[in-house]
Amino acid sequence: MRLLRGFLCALVLSVGIALPAAAHDQLIASNIEDGSVLTEAPTQIELEYSAEIMDATPAIAILDESGSTVHEVTPAVDGRFVRAPFPELPDGAYQLNWSVVSSDGHRIEGTIAFELEVSTEPTTPEPTTTEPTTPEPATEETTSEPTAAPEPGEGSTLQRAIVGVAGIAAVGAIAVLLVRRWKNEDPTS
């Protein structure tokens, strides 16, 4: 009977430890879908989460094919929604990295891969005879506090699984100690 009680105690503790690891909010919708090919550039980036997001250093970074950051912005947080203007980008493959603080106070991050194919001009420029013009300096919207782009897969299910396994192992060790203690206290064993 004591062994059964010890097992039930370990089971309850392991479930109690594993649940908080899976309780972080999640991205549930985006106006830019992962793997999508955009033939028209959106005017803004809009991300929707499963619960209200804390307005604590949210960040969005867009990286090009080489992994270089081409756009960084601090988005606006509005309840479950995070929004930022979409920059002017040339056609190509990109990765949108987002990072926000979940309603439980933990930072969550993710990546959305997409391609832009909005240009209708020919790929090879035609020769022109107009006078050369001085190019205007490129402007890039940045924040005063640059944030590192989150690595793909951070905050992933693998981390949750590791935390869960560690919790179950700890509970198992406690259960073994409790069973040994009860066994030593029982004069009939």
Listed by first then second residue, the pairs whose first member lies in the stretch 67-94 and is over 17 Å from THR43 (Cα atoms), whose partner is in a loop (DSSP other than H, G, I, E, B) and small (Gly, Ala, Ser), with beta carbons under 8 Å and at least 6 positions apart or on separate chains, are THR69/ALA149; ARG80/SER50; ARG80/ALA51
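Going through SER103, SER119 one at a time, which residue ends up being part of a loop (DSSP other than H, G, I, E, B), modelled with pLDDT under 95 and surrounded by 13 or more Cβ atoms within 10 Å (Cβ to Cβ)? Can you show your working first?
Numbers: SER119 fails: surrounded by 13 or more Cβ atoms within 10 Å (Cβ to Cβ).
None of the others qualify; the one that does is SER103.
The values are calculated or read from the model by the stated rules, or taken from the named source; none is laboratory data. The model shown is predicted, which means the values in this text are computed figures rather than measured ones. As a convention, Cβ positions derive from the backbone with ideal geometry for all residues, glycine included, and neighbour counts pool all protein chains shown.
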